[in-house]
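Engineer: Shown below is the structure under consideration.
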Amino acid sequence: MSEKIKVNDLRSAIKLLRNISEQIIETDVEVDPHGELSGVYRHIGAGGTVARPTKEGPAMIFKNVKGHPDAEVLIGLLASRKRVGYLLDCPPEELGKKIYHSVENPIPPVVTEKSAPCQEIIHRASDEDFDLYKLIPAPTNTLHDAGPYITLGMCYATHPDTGKSDVTIHRLCIQGKDELSIFFTPGARHIGAMAERAEELNEKLPISISIGVDPAIEIGSCFEPPTTPLGYDELAVAGALRGEPVELCRCLTVNERAIANAEYVIEGEVIPHVRVKEDKNSGTGFAMPEFPGYTGPASSDCWLIKVKAVTHRKNPIMQTCIGPSEEHVSMAGIPTEASIYGMIEKAMPGKLKNVYCSSAGGGKYMAVLQFCKKTASDEGRQRQAALLAFSAFSELKHIFIVDEDVDCFDMNDVLWAMNTRFQGDMDIVTIQGVRCHPLDPSNDPLYSSSIKDHGIACKTILTVQFLFI
Ligand code: MN
């Protein structure tokens with residue numbers, strides 16, 4: 001690289017990657033966002049539409065998108081841990097620790113009164129020709145999907161009681177010319193809690209959806225409680241990662257703010273007391289390919305967003321990802337590593353050398369802890385560390401604990417250790433009946449009578465270490 005490129009938006013991120021070999025490929029060949037774009041990308045980049053999420057590849061820019069002559073579509077930006085390292089200027093194995101320090105030293109966003117790049121072009125829902133299907137080149141990833149999905153929309157809203165804001169990624173499906181469905185994992189996410197409170201007050205919840213932003217925001221927005229509790233604005237993590245605050249602009253049609261240098265912003269309101277069937281237009285029963293490697297079911301009770309405006313840059317770049325992918329592993333896994341590292345480091349400093357939330361678990365279901373035992377009294381503390389990891393991230397299901405000499409980022413190394421430092425009858429701890437993740441199909445009463453409800457799992461600790469004697 002000749003010059004150091006400072007990344008603070010999507011275009012500078014793309015510019016940085018163009019200077020590094022094999023990180024991004026671009027095509028002028030026409031592609032249909034309906035069922036074709038993701039079908040091309042599955043052979044290039046991360047896994048595929050419903051294949052297991054274990055393949056790394058370059059990001060891809062489609063410059064000729066059918067029906068959207070002024071726009072481009074980018075997919076797979078974060079579908080490689082190495083690439084995330086380039087984009088965040090950090091060695092890949094240090095990403096979890098670096099982001100943990102950003103959570104601990106947040107730099108809150110600021111509102112700018114300057115004219116915002118994301119508002120170069122303005123379309124209001126009151127315009128006669130307003131049509132989300134034409135304005136947003138959102139891919140329909142498979143022909144079974146409920147519809148076109150916005151998979152990388154940074155949803156930003158403010159709690160009606162506290163005035164505190166939150167950024168989270170939710171799956172958003174275009175349902176009509178000015179309507180989106182938004183899926184809230186029941187009881188889990190902060191914007192869901194805001195929408196529920198607004199509904200109690202019989203109020204609409206203003207929301208902005210910023211698409212195509214600095215990748216530091218995409219990683220930061222994937223933090224979950226308890227690391228970032230209700231009231232923690234995760235844009236402050238991105239601010240800390242960059243050493244300067246994220247700039248927000250005021251929305252034009254709702255009382256909320258959006259990310260000023262985004263490629264697109266959708267402004268709207270979450271409507272109280274209304275729910276929509278996610279597949280009401282397709283009737284397929286499916287939502288879209290989800291991160292565990294299966295096509296997810298359509299929800300029967302998504303919330304509805306009435307869109308008031310779409311603003312965008314000139315020649316906007318639509319950014320998208322596909323559920324089963326290394327991109328999801330980066331976005332979910334690296335913040336989870338940061339959360340686990342933070343929790344264990346606070347409780348037992350210096351004991352956790354590193355942690356990896358592996359591709360095989362989509363970044364959520366599996367973690368490998370590299371735990372140092374120095375004295376006989378450390379024996380057993382590695383399992384205490386595993387219990388802390390479960391507390392750090394509620395959707396974690398399987399934990400491998402390995403010794404310092406085992407590379408926690410290499411699952412082959414982990415399984416090698418399992419063959420020589422592990423006995424199944426004594427090195428497995430199981431914790432039954434804990435709510436885990438609804439998209440794991442084995443978390444179901446049909447699988448085992450010990451499971452009382454869908455989404456409940458048996459969490460397991462596998463101690464793959466030499467005994468300290
Ligand atoms: Mn939050």
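The values are calculated or read from the model by the stated rules, or taken from the named source; none is laboratory data. Computed from a predicted structure; not experimentally measured. Neighbour counts run over all protein chains shown; Cβ positions are idealised from the backbone, glycine included. For the accessible areas, the whole protein counts, side chains as well, though only heavy atoms, and no ligand, DNA or RNA atoms are used. Shrake-Rupley method; radii C 1.70, N 1.55, O 1.52, S 1.80 Å.
Engineer: Can you tell me how many residues in region 359-381 are under 13 Å from Phe400 (Cβ atoms) and modelled with pLDDT of 95 or more?
Structural biologist: Residues flagged as under 13 Å from Phe400 (Cβ atoms) and modelled with pLDDT of 95 or more within region 359-381 amount to 7.
Engineer: To continue, here is another question. Would a scan of region 148-164 turn up a residue that is away from the ligand (no atom under 16 Å from the Cβ), open to solvent by 10 Å² or more (accessible area, probe 1.4 Å), on the phi < 0 side of the Ramachandran plot and in the same structural domain as Pro297 (by TED's automatic domain parsing)? Steps first, please.
Structural biologist: Step one: of region 148-164, the residues away from the ligand (no atom under 16 Å from the Cβ) are 148-152.
Subsequent filtering for residues that are open to solvent by 10 Å² or more (accessible area, probe 1.4 Å) retains 148, 151.
Narrowing the set further to residues that are on the phi < 0 side of the Ramachandran plot leaves 148, 151.
So of that shortlist, the ones also in the same structural domain as Pro297 (by TED's automatic domain parsing) come out as 148, 151.
So far as region 148-164 goes, yes, one or more of its residues are away from the ligand (no atom under 16 Å from the Cβ), open to solvent by 10 Å² or more (accessible area, probe 1.4 Å), on the phi < 0 side of the Ramachandran plot and in the same structural domain as Pro297 (by TED's automatic domain parsing).
Engineer: Considering every residue within region 400-422, establish whether at least one is assigned to a loop (DSSP other than H, G, I, E, B), under 23 Å from Lys97 (Cβ atoms) and in contact (Cβ under 8 Å) with a residue 60 or more places away in the chain.
Structural biologist: Within region 400-422, one or more residues are assigned to a loop (DSSP other than H, G, I, E, B), under 23 Å from Lys97 (Cβ atoms) and in contact (Cβ under 8 Å) with a residue 60 or more places away in the chain.
Engineer: Test Glu337 against the criterion of being in contact with a Gly (Cβ under 9 Å, 6 or more places away or on another chain) and either assigned to a helix (DSSP H, G or I) or farther than 19 Å from Ala417 by Cα (or both), and give yes or no.
Structural biologist: yes
Engineer: Tell me, yes or no, whether region 298-317 has at least one residue that is part of a helix (DSSP H, G or I) and in contact with a strand residue (DSSP E or B) (Cβ under 6 Å, 6 or more places away or on another chain).
Structural biologist: no
Engineer: Which one is nearest to the ligand (Cβ to nearest atom) among residues in region 185-218 that are under 27 Å from Asp9 (Cβ atoms) and part of a loop (DSSP other than H, G, I, E, B)?
Structural biologist: Top of the filtered list is Arg189.
Condition check ((1) modelled with pLDDT under 95; (2) open to solvent by 20 Å² or more (accessible area, probe 1.4 Å); (3) of a type in the set (Gly, Ala, Ser)) across all residues:
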{"site": "Ala198", "(1), (2), (3)": "no, no, yes"}
{"site": "Pro206", "(1), (2), (3)": "no, yes, no"}
{"site": "Gly212", "(1), (2), (3)": "no, no, yes"}
{"site": "Glu234", "(1), (2), (3)": "no, no, no"}
{"site": "Thr253", "(1), (2), (3)": "no, yes, no"}
{"site": "Ile266", "(1), (2), (3)": "no, no, no"}
{"site": "Glu269", "(1), (2), (3)": "no, yes, no"}
{"site": "Asn281", "(1), (2), (3)": "no, yes, no"}
{"site": "Lys306", "(1), (2), (3)": "no, yes, no"}
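Engineer: Whether any residue in region 168-177 is more than 20 Å from Glu290 (Cα to Cα), at pLDDT 95 or above, away from the ligand (no atom under 16 Å from the Cβ) and not hydroxyl-bearing (Ser, Thr, Tyr) is what I want to check.
Structural biologist: yes
Engineer: Could you grab me the full set of residues in region 128-167 that are acidic (Asp, Glu), under 21 Å from Pro229 (Cα atoms) and out of contact with any helix residue (DSSP H, G or I) (no Cβ under 6 Å at 6 or more places or on another chain)?
Structural biologist: Of everything in region 128-167, just one residue is acidic (Asp, Glu), under 21 Å from Pro229 (Cα atoms) and out of contact with any helix residue (DSSP H, G or I) (no Cβ under 6 Å at 6 or more places or on another chain), namely Asp161.
Engineer: Any residue at all in region 219-231 that's assigned to a helix (DSSP H, G or I), within 16 Å of the ligand (Cβ to nearest atom) and either farther than 30 Å from Gly35 by Cβ or among the β-branched types (Val, Ile, Thr) (or both)?
Structural biologist: Within region 219-231, one or more residues are assigned to a helix (DSSP H, G or I), within 16 Å of the ligand (Cβ to nearest atom) and either farther than 30 Å from Gly35 by Cβ or among the β-branched types (Val, Ile, Thr) (or both).
Engineer: Of all residues in region 31-61, which are in contact with a helix residue (DSSP H, G or I) (Cβ under 6 Å, 6 or more places away or on another chain) and modelled with pLDDT of 85 or more?
Structural biologist: Once the filter is applied, which keeps residues that are in contact with a helix residue (DSSP H, G or I) (Cβ under 6 Å, 6 or more places away or on another chain) and modelled with pLDDT of 85 or more, region 31-61 yields Val31, Met60.
Engineer: Please state which of the following conditions His328 fails to meet, knowing it meets all the rest: (1) in contact with a Gly (Cβ under 6 Å, 6 or more places away or on another chain); (2) part of a helix (DSSP H, G or I); (3) modelled with pLDDT of 95 or more.
Structural biologist: Only one criterion is unmet by His328, namely (3).
Engineer: Follow-up question, since we're still on this one. Among the residues of region 399-448, count how many are among the basic types (Lys, Arg) and open to solvent by 30 Å² or more (accessible area, probe 1.4 Å).
Structural biologist: Restricting attention to region 399-448, the residues satisfying the condition of being among the basic types (Lys, Arg) are 421, 435.
Filter again for open to solvent by 30 Å² or more (accessible area, probe 1.4 Å), leaving 435.
Number of matching residues: 1.
Engineer: Then there's this: Quick one: in region 348-382, which of the residues that are part of a helix (DSSP H, G or I) and open to solvent by less than 60 Å² (accessible area, probe 1.4 Å) is nearest to Ala79 (Cα to Cα)?
Structural biologist: Initial filter on region 348-382 (part of a helix (DSSP H, G or I)): 359-361, 376-378, 381-382.
With open to solvent by less than 60 Å² (accessible area, probe 1.4 Å) added as a condition, the list becomes 359, 361, 378, 382.
Working: Ser359: 11, Gly361: 15, Asp378: 37, Gln382: 31 Å.
Going through the qualifying residues, I end up with Ser359.
Engineer: From the list Val254, Val237, pick out the single residue that is outside any strand (DSSP E or B), within 15 Å of the ligand (Cβ to nearest atom) and over 16 Å from His312 (Cβ atoms).
Structural biologist: On the way: Val254 fails: within 15 Å of the ligand (Cβ to nearest atom).
From the options Val254, Val237, the qualifying one is Val237.
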